[in-house]
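Comments concern the structure below.
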Amino acid sequence: MTYQKTAVFILRLVGTLWIAFIAFAWGLYAVEFALGIDVQRRPASMTGASIGYIVLGVLIVALSKPLGRLIGRGLDD
């Protein structure tokens with residue numbers, strides 16, 4: 001049970017940090033754009049990929065409990 005809880009915690013931590021990193025990067029981009037700093041335009045594919053990464057992070061957080069049980073199964077013996 002301890003290994004499963006640890007795996008759930010690590011998965012939630014990784015998913016949350018993943019989402020925070022992508023949101024931070026886009027936040028910096030928005031601030032630079034708002035301040036009039038010449039920023040490199042992002043192609044639509046990068047925007048789509050960023051949205052996909054955020055969805056992946058949300059899925060990791062949402063599915064962390066069943067994934068943690070799967071990863072930690074049989075380790076408490």
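FYI, it's all coordinate maths here, none of it is from the lab. This is a predicted model, so every value here is computed, not measured. Virtual Cβ from ideal backbone geometry, glycine too; neighbours counted across all protein chains shown.
Miscellaneous remarks
- Descending principal axes extents, the chain, alpha-carbon based, whole Å: 59, 21, 14
- Calculated FRET value between ARG12 and LEU75, using beta carbons and R₀ = 22 Å, to 0.05: 0.75
- Panel order for THR2, THR16, by other beta carbons found within 10 Å of each beta carbon, from fewest to most: THR2, THR16.
- Counting beta carbons within 10 Å around each of SER64, SER45, SER50 and listing the fewest first gives the order SER45, SER50, SER64.
- Among THR6, THR47, a tally of other beta-carbon atoms within 10 Å of each Cβ gives an order, fewest to most, of THR47, THR6.
- Placing pseudo-labels 7 Å out from each Cα toward the beta carbon at ALA34 and ALA20 gives an inter-label distance of 2.1 nm.
- Sites matching trypsin sites (Lys or Arg not before Pro) across the range 1-53 that sit in DSSP coil, with at most 10 neighbouring C-beta atoms within 10 Å: ARG41
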